[in-house]
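What follows draws every value from the coordinates through simple rules; no lab data is involved. Because the structure is predicted, anything quoted here is derived from the model rather than measured. Neighbour counts are summed over all protein chains in view; Cβ atoms, including those assigned to glycine, are modelled from backbone coordinates with ideal geometry.
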Amino acid sequence: MKVILLEELKGRGGEGDVIDVARGFAVNYLLPRKIAVEATPGNVKQLEQRMKNIKVREDARLTDADAMAAALEGKTVTIGAKVGEEGRLFGSVTAAMVGEAIAEQLGVEVDRRKIETRGHIKDTGPHAVEIAIYRDIKAHLTVDVVAEGAPVPAEVIPDTHVVEVEGVAADGEPFVEVVEETAEQDAEDLALDEAAESEADSGEGAESE
């Protein structure tokens, strides 16, 4: 079935192009969404009358597409993601996330539907991305995925507990302070206490002699 495109159809053409498509695709998708109209004799005649205006719009689209390609080609954007211990992402980097990064870091608005990530991005590091800007105009850039924070293995998380420390302030008033200590600090405190007791015992022994 021949149809006249009213806007770009990715991979097939742009406004004013007459193309052949499957009847089901035309009836169920292109025509209801006003992406195309059937290429009847009347519509073809109207198309011929509108071709001058269509060409002006098409030239503007191509100029804008070339400018966008120049702004994106060879660039790199960085996306932070939560990462597990083996460098695998929790989830994946989506086209929408890439589009947001491009807008924030390069100042270019890109339709996420035109972003091709060549599969799911689930690892840190650089990934090649293609942007299908308009018709055959494309741009290629790099998405560098970095960890938002280095994963902390469970075995290095210190074991802590709360203890009360008694003392006397400079003004002579007693106080009790609640502090959090690790097992390592406990071991150090115990060693110091034992050393102090040993010195005290030694001193008492010397005095008694």
For Lys82, which lysines qualify as cross-link partners when the Cα separation must be under 19 Å and same-chain residues fewer than eight apart are set aside?
Lys122
In nm, spacing of pseudo-spin labels at Glu86 and Leu31 (7 Å Cα→C-beta vector)
5.3
Rounded to the nearest 0.05, what FRET efficiency do Val44 and Ala71 have when you use their Cβ-Cβ distance and R0 = 41 Å?
0.65
Using the crude model of +1 on Lys and Arg Cβ and -1 on Asp and Glu Cβ, and no other charge, please compute the dipole size for the range 76-147 relative to its Cα centre, in debye to 20.
220
Would you work out which of Gly74, Met51, Gln105 lies farthest towards the positive end of the dipole of the range 1-126, given +1 charges on the beta-carbon of Lys and Arg and -1 on that of Asp and Glu, about the Cα centre?
Met51
Exceeding 30 Å between C-alpha atoms, which entries from my cross-link table qualify? They are Lys55/Lys138; Lys52/Lys75; Lys52/Lys138; Lys45/Lys138; Lys55/Lys114; Lys2/Lys52.
Lys52/Lys75; Lys45/Lys138
Take the alpha carbon atoms of the range 78-151, find their center, do the same for the range 1-27, and report the distance between the two centers in whole angstrom.
31
